[in-house]
Every structure is written in structure tokens, then in C-alpha cells.
Amino acid sequence: MHAGVNPMSVVNAELTVLSGSIAGTVHSLRKGETVLGRSPEADLVFDPREEITISGAHAALYRTELGWVVKDLKSLNGTFVNGERVSDPVVLADRDRIQLGPEGPILEFRLRTGPPGAERREGPGAADPGTGRRNGRFWAALGLLVLVLSGVTWMAVHSWSEGRRYRAQTQAMQERIDSILDASAATAGALEGRIQGLHEALADSREALQSVRADLEEAQRGGDSEEIAGLRVQLQQAQAALVRQQLAATLDHEAIEAANRRAVAKVFVDFGGNMVTATAFAVRPDGTLLTSRHVVEGQGGSQRPRRVAVQFADSRQVWPARVLSTSPSDDLAILKVDNIMGEVPTVTGLHRRPDTIQTGQGLAIIGFPLGGPASGSDGTAEIARTTLTAGIVSASADDLLEVYGYGVEGSSGSPIFDANGQVVGVLFGGRIEDGERILFAVPANRAAVFLDLVL
């Protein structure tokens with residue numbers, strides 16, 4: 001504990017959030033244990049969509065005989081005190097800094113002290129009944145004067161404190177913007193446009209952040225606290241988008257693509273005058289492929305294809321195929337190419353443990369989102385070229401995987417891969433939310449169960 005702090009005089013402590021989605025928040029520590037995390041049940045709750053690297057119950061602070069202690073609650077990304085990751089409970093000193101994950105928000109721990117309770121004393125003259133009334137009026141007037149002076153002093157201190165807090169908040173916001181811009185510039189430089197759409201998404205987010213920075217500087221000059229509060233919301237949104245994009249860029253996309261690309265095929269479905277294209281991928285070397293049910297039945301589920309054909313990536317050959325089965329519960333269908341010679345390449349595998357999929361986890365998507373004809377103008381089949389896009393897990397449930405996707409709109413039936421190159425989902429739809437594309441996928445474990453039932 002720092003010098004000058006008497007443990008016997010400590011009445012409480014507080015945390016000031018210096019960075020992250022709720023920067024500027026001051027939280028008093030007045031209970032036995034305070035839990036920090038993204039869960040709604042935490043005592044200090046961080047935005048669950050923006051602080052995606054923080055665990056639901058990440059860390060806890062509690063009081064002991066030695067003072068306030070912080071402990072990590074087996075979080076995914078760890079808890080740091082003054083830059084060092086902690087594995088055991090650590091006694092905190094005044095102004096220690098706690099960070100939730102290596103890139104997560106930073107909080108400053110402060111001890112709030114006061115003198116031990118003074119014993120009650122009687123005023124002068126209390127033992128002299130003859131002078132009690134005169135002294136009573138004197139002490140009443142003196143008390144009123146002290147009260148007025150205390151009020152004035154409190155207002156001055158409060159005003160100074162609010163001004164200091166205002167300056168600290170705006171300074172913290174500026175530092176966050178600079179840090180985020182530096183990190184995103186490095187990420188964009190490393191991508192060099194290799195992943196469809198992600199480089200452009202990073203550029204758009206950087207532009208949005210730079211605009212917020214310019215507006216923030218103007219609001220600071222004008223001292224407009226309401227404007228700064230609004231800019232903080234914009235900053236949080238831009239920061240969250242950039243963090244997601246940077247997480248999406250961390251995968252070894254080239255290795256994932258090299259291991260799985262040739263198992264991905266373009267699907268052509270002829271409904272009689274209406275040709276649609278989509279994506280499928282081989283799960284067995286005998287030419288068994290998975291795609292989306294609505295690809296072969298239409299959005300309403302009432303259409304029946306006249307013909308189905310597939311063309312594997314990097315190939316000119318188009319093979320006739322048939323619908324082997326469709327799932328009654330999920331948007332899944334199994335295709336079969338019967339007359340193909342030899343074995344076909346397959347994906348690395350299907351991920352069967354949805355409980356291990358984490359929000360914020362980076363993903364790769366391989367497919368044919370732009371569709372296109374099966375042959376060129378001269379009648380010669382064109383080589384099928386896949387598109388590689390990036391994403392991260394937005395939410396995961398038993399029957400649905402949601403993914404932030406970057407790039408052109410994904411094609412139904414595209415496989416979504418994790419860092420190990422295994423399929424975690426089969427894409428079937430999506431929506432635009434707050435300017436970002438959310439993709440929907442059937443979890444791979446459900447696809448695996450469907451395959452096991454049919455084959």
C-alpha cells in the first residue's frame with residue numbers, strides 16, 4: 001500500500017474506467033465482492049457487444065484484512081495489474097491500474113479515505129447552566145457559518161473535480177482514438193487487400209474514427225459536454241467495429257483456404273427458366289456435398305429443380321448432381337455427384353463442439369457469392385474461382401450461429417471455417433445491422449447429425 005494511506009481510515013474505494021466502451025464511469029466499491037464482466041449479472045457491466053474480449057465474469061474485487069484484492073475469474077484473456085498478468089489474488093494499492101485482457105479496458109483503483117470516527121464532545125459551557133443559552137446562540141450561529149462555508153467549499157471542490165474528470169475523459173477518448181487508428185493502420189497494411197472486403201471495411205472504420213476525433217476536438221474547444229457525450233457513443237460504435245475487423249484479420253486465412261478451397265463447389269440449380277447459383281462443399285470423398293435447403297427448394301420450399309449441377313473450385317468441369325435429402329428442421333440439403341471418377345477433395349472436418357465457439361472468434365468464409373455462368377461466351381466452361389471473406393462470431397446458440405461478415409454478400413451454402421480449418425457453420429442468410437452485415441448459419445454439429453441420419 002502506498003505511503004500516507006492509513007488502512008484504519010479507509011471507508012471505501014472506487015474504480016475509474018479509463019478506456020473502453022464505458023470510459024469515464026466511476027464505480028464505488030461498497031460491497032463484499034464486486035464482479036467485473038460482460039454478463040448482466042456483473043456489478044460493473046461492460047458492453048457485451050463492444051467489449052467482446054471480456055468474459056462474462058472476468059474479474060472480482062473484494063476487501064480483506066490486508067486491503068482490497070483483485071482476482072481473475074478464469075477469464076479467457078486474463079487480468080493484468082500494472083501491466084503484469086495475475087494468476088493469484090493481488091492486494092491493490094492506491095492508483096494501481098487493472099486491465100481486462102491485454103487489449104481490454106483499463107481501470108484505475110482509488111482508495112477513498114477519512115479519519116476514524118471521532119468521539120462526541122460537548123460544546124464549551126455545557127457544564128455551566130447559567131451560560132448555556134448565550135453559548136447556545138453562539139454555537140448555533142457558528143454552526144450556520146460553518147455550514148455555509150462548507151457548502152461553498154464543496155461547490156468549489158465539486159466544480160474543480162468535475163472539470164478534472166471532464167478533462168480526463170476527453171483525454172482518454174483522444175488516446176483511445178489514436179491507439180485504435182494506429183492498430184487498424186497496421187492491420188490494413190498487413191492485409192494488402194488479400195481478404196475480400198475486409199481491407200475496405202477497415203478503411204471505412206478508420207475514416208469514421210478520424211471524423212469523430214475532429215468533432216471531439218471542436219467540442220473540447222467549445223466546452224460542450226453534451227456533444228462530447230454523443231461523440232462517446234459514436235466512438236464506442238466505431239471502436240467496436242474496428243476491434244471486430246482486427247480480430248477477423250488475425251486468422252491464417254491463406255492456410256485455411258489452401259486446405260479447403262478445392263472442396264468448395266459452385267451449385268447451379270435450374271427451376272425451369274430460372275437458374276440460381278449458390279455454394280456447396282464436399283464432406284465425403286464419394287462426392288457427397290452439403291448446401292442450403294432453400295437453394296434446391298426455393299425460399300418458400302415448394303419448388304423442385306429440373307436439373308442440378310456442381311463445379312468444383314479451380315476446375316472447368318461441370319458435373320450433374322442430384323438432391324439426396326433435405327432437412328426438415330434446418331436449412332440444409334445433401335447433394336450427390338454420382339458419375340464422378342475417383343475421389344473428390346473434402347473439407348478438413350465438421351466442428352462438433354458448439355460449446356467451444358466463443359463470441360469474437362475469428363472465422364473465414366469460402367464460397368461463390370457473385371455466382372456467374374457455368375461457361376464463357378464461347379461455350380467453354382470458365383474456371384470456378386472462390387471468394388475468401390472474413391468474419392467473427394457475433395453470437396452462438398444451439399440452432400443458430402451469427403457472424404459479422406466482411407465483403408460481398410455471402411452465398412447460401414458456403415462453409416464457415418474456424419482457425420483450425422474446420423467447418424463451424426453452413427451459411428444460409430443474413431441482415432444488415434448498424435451498417436454491418438450479420439450472417440446466419442446452421443451450426444456444423446447439426447449438419448453432422450443430419451449427415452449421420454441420412455448416410
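The values are calculated or read from the model by the stated rules, or taken from the named source; none is laboratory data. Source: prediction; values computed, not measured. Positions of Cβ are backbone-derived with ideal geometry, glycine not excepted, and every protein chain shown enters the neighbour counts. The area values use the complete protein model at the heavy-atom level, side chains included, leaving out ligands, DNA and RNA. Shrake-Rupley method; radii C 1.70, N 1.55, O 1.52, S 1.80 Å.
Scan segment 63-72 for residues that are touching a strand residue (DSSP E or B) at 6+ places or on another chain (Cβ under 6 Å) and open to solvent by less than 100 Å² (accessible area, probe 1.4 Å) and the total you get is 6. Give segment 310-335 a look and list any residue that's over 18 Å from D270 (Cα atoms), small (G, A, S) and open to solvent by 20 Å² or more (accessible area, probe 1.4 Å), or say none. Residues satisfying the conditions are S315, S329.
So that you can scan it fast, the table gives a plain yes or no per residue for (1) on the phi > 0 side of the Ramachandran plot; (2) among the hydrophobic types (A, V, I, L, M, F, W, C); (3) in contact (Cβ under 8 Å) with a residue 24 or more places away in the chain:
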{"residue": "V318", "(1), (2), (3)": "no, yes, yes"}
{"residue": "L324", "(1), (2), (3)": "no, yes, yes"}
{"residue": "P328", "(1), (2), (3)": "no, no, no"}
{"residue": "H351", "(1), (2), (3)": "no, no, yes"}
{"residue": "T359", "(1), (2), (3)": "no, no, yes"}
{"residue": "G362", "(1), (2), (3)": "no, no, yes"}
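Here R307 meets the list (1) within 38 Å of the chain's Cα centre (by Cα); (2) open to solvent by 60 Å² or more (accessible area, probe 1.4 Å) almost entirely, failing just condition (1). S325 passes every criterion in (1) small (G, A, S); (2) farther than 29 Å from S394 by Cα; (3) assigned to a loop (DSSP other than H, G, I, E, B) apart from (3). Considered as a group, the residues in segment 104-120 that are of a type in the set (K, R) and at pLDDT 50 or above include one that is most open to solvent (accessible area, probe 1.4 Å), and that residue is R112. The set of residues from segment 1-59 being under 19 Å from D96 (Cα atoms), at pLDDT 85 or above and either surrounded by fewer than 13 Cβ atoms within 10 Å (Cβ to Cβ) or basic (K, R) (or both) comprises V26, S28, E33. Exactly one residue out of V91, V81 is modelled with pLDDT under 90, over 12 Å from T53 (Cα atoms) and either touching a Phe, Trp or Tyr at 6+ places or on another chain (Cβ under 8 Å) or crowded, with 16+ Cβ neighbours inside 10 Å (or both): that is V91.
Considering every residue within segment 375-394, establish whether at least one is at pLDDT below 80, of a type in the set (D, E) and under 22 Å from V267 (Cβ atoms). Scanning segment 375-394, I find no residue that is at pLDDT below 80, of a type in the set (D, E) and under 22 Å from V267 (Cβ atoms), so the answer is no.
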